[in-house]
Amino acid sequence: MFYGWRASTLKQIQVTKAKCDLCGDHCTHRVSVFGRYIHIMWIPIIPIGRKIVGECQNCLKTVKRKEFSMDLDNQLRRVESSIKRPIWHWIGPAILGVFAITMAYSIATHKDDPRKIYLDADEAKMTIQPTMESDSISYQLKSMFDVFVTEEMRPQSFSYYSKVEEDKVLLLLEIPEFKNLDKKVRPELLEIVTQVLDGFAHLEGKDRYLGVKGKYNMMLVKTPTEFENSNLASSDGIYDFYGPDQIE
C-alpha cells in the first residue's frame, strides 16, 4: 500500500539462561525488537512504538513481550535502553520540519503588492444596483446582463463597479454562480462587456482591465497583456491599472 504502517528490525538479542514457560528449560531466547512507523509512499512519517517478540531456542515457541517470563523480561530490561531507532525512521518528521520552517520564513518575508489595497477598496464598492448617475458603465452592463443572461445564473445577484482613468478603464464584476458556468462559455461574457464598452465614445482607445469574481475569489481576468480563465485566477494583472509596482 502507498500508506499505512510498517516495521523494521531494530535489533536481535540472544538472551541466555532464561526460563521458558512452555518447556520449562533455562535456555537461550532470541529476542527481536521491531520499530513501527506510519508511512506514506514508503517514507516514514511518524514512529509509533516498538514490537518485541521472543523465541525459545529449545521448543521454538514465540511469545509477545507481555507474555515474557519474569526471568526473560528482566534480562531484556538490562539492554533495552541501548536499542535505538535508525535515523531514517525520522525522515518524515525532518521533512515536515523543513517544510514548516520554509513556510514560516516565506510568510514572514512575503510582502503584498501595495496595489492590492486599491483593488480591495474598489471591490468593496461593487453593488448589485448601479445607477446611471453614479456608474453609467455598470448600469448599462447590468441592463444587458438582465436581458441576455439566463435566470439560472441569477443575474439579479451580480455586482458591478467601474472606474475610468485618463488612458484606461477598470471593470469589476462579482457573479456568485460563476463557478457553475463552463469555462468554454465564460468568454462569451466578454463579448457582452466589449459591446457595452464600445458603446461609450469616451472609452475609445483606453486600455481595458476586467476582473470577474466568483463567490469567493477572482476567476476570470483580462488585461491588455493577460487573459486567465480558471477557478483561481490571479489578480496581479489588474494591479497594473493602478500604476507601477512600488515595492523595492
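The values are calculated or read from the model by the stated rules, or taken from the named source; none is laboratory data. For clarity, every value in this text was computed on a predicted model and none was experimentally measured. Cβ atoms come from the backbone with ideal geometry, glycine included; neighbour counts cover every protein chain shown.
When restricted to residues that are in a helix (DSSP H, G or I), in contact with a strand residue (DSSP E or B) (Cβ under 6 Å, 6 or more places away or on another chain) and free of Cβ contacts under 8 Å to residues at least 60 places away in the same chain, the stretch 123-140 contains 1. For the stretch 37-60, the set of residues classified as in a strand (DSSP E or B) and under 26 Å from the mean Cα position of the chain (by Cα) consists of Tyr37, Ile38, His39, Ile40, Ile43, Pro44, Ile45, Ile46, Pro47, listed by residue number. If I filter the stretch 77-84 for residues that are among the hydrophobic types (A, V, I, L, M, F, W, C) and assigned to a helix (DSSP H, G or I), do I get at least one hit? There is at least one residue in the stretch 77-84 that is among the hydrophobic types (A, V, I, L, M, F, W, C) and assigned to a helix (DSSP H, G or I).
Evaluated against (1) in the same structural domain as Ile38 (by TED's automatic domain parsing); (2) closer than 30 Å to Leu172 by Cα, Glu80 falls short on exactly one condition, (2).
To keep it simple, each residue is scored yes or no on (1) assigned to a strand (DSSP E or B); (2) surrounded by 17 or more Cβ atoms within 10 Å (Cβ to Cβ); (3) on the phi < 0 side of the Ramachandran plot.
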{"residue": "Tyr161", "(1), (2), (3)": "yes, yes, yes"}
{"residue": "Val169", "(1), (2), (3)": "yes, yes, yes"}
{"residue": "Val185", "(1), (2), (3)": "no, no, yes"}
{"residue": "Glu191", "(1), (2), (3)": "no, no, yes"}
{"residue": "His202", "(1), (2), (3)": "no, no, yes"}
{"residue": "Leu220", "(1), (2), (3)": "yes, yes, yes"}
{"residue": "Ala233", "(1), (2), (3)": "no, yes, yes"}
{"residue": "Gly237", "(1), (2), (3)": "no, yes, yes"}
{"residue": "Pro244", "(1), (2), (3)": "no, no, yes"}
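When each of Tyr118, Tyr105, Tyr139 is tested for being exposed (fewer than 12 other Cβ atoms within 10 Å of the Cβ), over 30 Å from Cys27 (Cβ atoms) and of a type outside the set (A, V, I, L, M), the lone residue that passes is Tyr105. Filtering the stretch 104-115 for residues that are touching a Phe, Trp or Tyr at 6+ places or on another chain (Cβ under 8 Å) and either under 20 Å from Lys215 (Cα atoms) or assigned to a helix (DSSP H, G or I) (or both) leaves a non-empty set.
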